[in-house]
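The structure appears right after this line, and notes come after that.
Each reported figure results from applying straightforward, stated rules to the coordinates on display, with no laboratory input. What you see is a predicted model; the values in this text were computed from it and never measured. We place every Cβ from the backbone using ideal geometry, glycine too, and count neighbours over all the protein chains shown.
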Amino acid sequence: MLPDAREGAVRLDRHAAIVGIGQTRFAKDMGRDELDLACEAVLAACADAGLDRREIDGVASFHVEQVDEIDLAYALGFERLRFMARTPSGGGGAASVVGLAALAVASGAAGAVVAFRARNRSKFAGYGADPNQGGRPWAKAGTRLAGYQQWHHPFGVAAPAQEMALIAQRHMHVFGTRAEHFGAQAVAQRFHASRNPDALMRRAITLDEWAASRVIAEPIRLFDCSLEHDGAVAVLVTGRDRAAHLRAPVVEVLAHGQCDGPIHTDLGRFFAETAFFGERTNGARALAPHLFGVAGIAPSEVDAAMIFDHFTMAVPISLEQYGFCPLGEGGPLVAAGTTRWPDGGLPVNTHGGSNGEAFVHGLNHVPEAVRQLRGTAVNQVAGARHVFVCGSITDPSGALILRRADP
Amino acid sequence: MSSAREPDWPTPASGGAAAEFWAFLRAGELRLQRCRECHAYAHPPVPVCARCGSLRREWVAAQRRAEVWSRTTVHAPVLPAFADRVPYDALVVRLDEGVFMVTNPTPVAEPLLSLLEVGDRVEIVLHAVTDDLTLPLARPITPAQPAS
């Protein structure tokens, strides 16, 4: 039976489930290459699921991934690889990469698909020429520009923080959002991370400490930024029926959808086409009603949200675009403590997110969603039944609604 | 921004319509790409009109008037050419033709900051950074010089 689908949102709870999660340690300069890290994460996900690594027959990854599908298959001894797919736009794939895996098993294209991301950000490691491998992409851009870079670099705009600052400032202008609203999310996530043994940043911060951290590009401060380090994450997806026979409690992929959206690396197009400021309805804002529609729940029924946070400003803007609050109310919502565990009504990034736990292009947010639904998170939301996960709000992206299976 | 010759300035080296845009600037003109059929503007330039689907493109002299749509002050530079210029301002402006572009304010004094705010009217002036690169930059329009 085909899944129920509406305007790009697909209901998959009878078809696909997350059965295993795995991750390496997160640390700077680990001295291990991406394949090494990816293998450890995938094996951990297999052990978590109780599924033999050789049975994996599908791989979903990010377009920025350095580990080739075939290298992973050879290294881990997959008997047969039947499905391979990648998502665009870096963190835009944070939820969609798991969505691809779910769509693959739902369609019958593959039986056990692993979604993964491995990063080695060591500047002095033996990285190759690809701008996405090691170091910083802009450091490899040189002074002869093509593509998107020619519209930004000549004006000194080259890093995501600078691009996101220009998006945040417009939001502040239109809606009165304040830098302190972003700071409140930074503080909440660092508090979450302070209780998470896997987090890179184990010390909680105050809003005063956030305000004292250096400005990167107004309004973005250092403590709003994601971390740079090495590590890998893997998420294992099988069909719903098969999941019931595996070791871990079943987490259903209730709904998934992808969405278009202008990308932050092309700000001319971004400001012409974004839905952020109310002029249009596109991307995530168009997807949201259909995603919740096929899921059969309202945003108010979500118990926790894992939101891709290249910068903390992404949290209030994502909450607005996905319909958790009206446009312009995301900042005040965060400042009121709504996203802070344990007292907030919608805890966001309870593992500490990208400024607290780790930055793995947001794929580390999916295991945290799974832990919440299994009841094993360090910052557990009592009785969590629905968790929302989304990729980057400033790029072509996507979202998931995950649900704890009834016992 | 310095008026000195800047050999290491990040410089477009693209082909196609983008190269034409930069070539017009080097020749002292700001031209925008427009659809010959429905007259919809596009920037950055595109191969086909998103509104009517026509492949017929043309270059039209811009009015060179704009509104500051967003601004930031960069404190942490990442490009070598900007390393000793921080803090500096970067802007997104909405040209009166309805398209958006990233730019910088000019002229700038020490420190390299402007008094421009979101919503301010600006005119676009051309500034030759090198023999190969002329940038369109944003200069305030004072209340005494209202936009026409």
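With the cut-off at 1.5 for a/c, could you classify the range A:227-338 from its C-alpha gyration tensor as rounded, prolate or oblate?
Judged from the Cα gyration tensor, the range A:227-338 comes out prolate (a/c at least 1.5, a/b above b/c).
What size of dipole, in debye to the nearest 20, comes out for the protein assembly as shown about its Cα centre when the only charges are +1 on Lys and Arg C-beta atoms and -1 on Asp and Glu C-beta atoms?
Around 320 debye, computed over the protein assembly as shown.
Express in whole angstrom the spacing between the alpha-carbon centres of the range A:348-362 and the range A:36-51.
20
Amide H to amide H, which residues 5 or more places from B:ARG65 or on other chains are under 5 Å from it, using H placed in the peptide plane?
Amide H neighbours of B:ARG65: B:ASP96, B:ILE124.
Would you list A:ASP4, B:ASP132, A:ASP224, A:ASP395 from fewest to most Cβ contacts within 10 Å?
Taking fewest neighbouring Cβ atoms as first place, the list is B:ASP132, A:ASP4, A:ASP395, A:ASP224.
List the residues of the range B:24-39 whose backbone N lies under 12 Å from a point placed 7 Å from the Cα of B:TRP59 along the Cα-to-Cβ direction.
B:24-34
Can you give me the span-like helices of chain A, meaning DSSP H runs with 15 Å or more of Cα extent along the axis and Kyte-Doolittle mean at or above -1.0?
A:34-49, A:96-107, A:160-175, A:179-194, A:283-295
Looking only at chain B, where both bridge partners belong to it, what percent of the DSSP beta bridges are antiparallel (to the nearest 5)?
About 95 percent, rounded to the nearest 5.
Return the FRET efficiency for the residue pair A:ALA382, A:ALA244: r is the Cβ-Cβ distance, R0 is 25 Å, and the value is rounded to the nearest 0.05.
The value I calculate is 0.50.
Please figure out what share of the DSSP beta bridges in the range A:4-119 is antiparallel and state it in percent, rounded to the nearest 5.
Expressed as a percentage, antiparallel bridges in the range A:4-119 total about 25.
Hey, fewest Cβ within 10 Å first, where do A:TYR322, A:TYR148 land in order?
So the residues, fewest neighbours to most, are A:TYR148, A:TYR322.
Using only alpha carbon pairs under 8 Å that are at least six residues apart, calculate the relative contact order of the range B:11-61 and give it in whole percent.
32
Under a point spin-label approximation (7 Å from Cα along Cα-to-Cβ), what is the A:ALA47-B:VAL46 distance to one decimal in nm?
Each label point lies 7 Å from its Cα, and together they span 5.0 nm.
Can you give the calculated 222 nm mean residue ellipticity of the protein assembly as shown, where each DSSP H run of n ≥ 4 adds -39,500 (n - 2.57) and the sum is split over every residue, rounded to the nearest 500 deg cm²/dmol?
-7500 deg cm²/dmol, from helical runs alone.
Pop a pseudo-label 7 angstrom from the Cα along the beta-carbon direction at both A:ALA336 and A:ARG25 and give the gap in nm to one decimal.
Reported label-point gap for A:ALA336 and A:ARG25 is 4.3 nm.
Just need the relative contact order of the range A:4-119 here, percent rounded to a whole number, with Cα pairs under 8 Å and 6+ apart.
Computed value for the range A:4-119: 31 percent relative contact order.
Note down the nm distance, to one decimal, between modelled labels 7 Å out along Cα→Cβ at B:ILE141 and at B:GLU20.
2.7
Calculate how steeply helix B:16-26 sits against the longest principal axis of the alpha-carbon atoms of chain B, using the helix alpha-carbon long axis, and give the answer as 0 to 90 degrees to the nearest 10.
50
What's the exposure ranking of A:ILE401, B:ILE141, A:ILE216, going from fewest to most Cβ atoms within 10 Å?
B:ILE141, A:ILE216, A:ILE401
Taking the DSSP beta bridges in chain A as the whole, what percent of them are antiparallel, to the nearest 5?
Just about 75 percent of them are antiparallel.
Residue by residue through A:142-149, how many Cβ atoms from other chains fall within 10 Å of the Cβ on average?
Neighbouring Cβ atoms belonging to other protein chains average 6 per residue here.
If packing is taken as the mean number of other Cβ atoms within 10 Å per residue, what is the order of A:81-87, A:376-382, A:20-26, highest first?
Result, highest mean Cβ count within 10 Å first: A:20-26, A:81-87, A:376-382.
Could you grab the relative contact order for chain B? Cα pairs under 8 Å, six or more apart, rounded to a whole percent.
So the answer I get is 24 percent.
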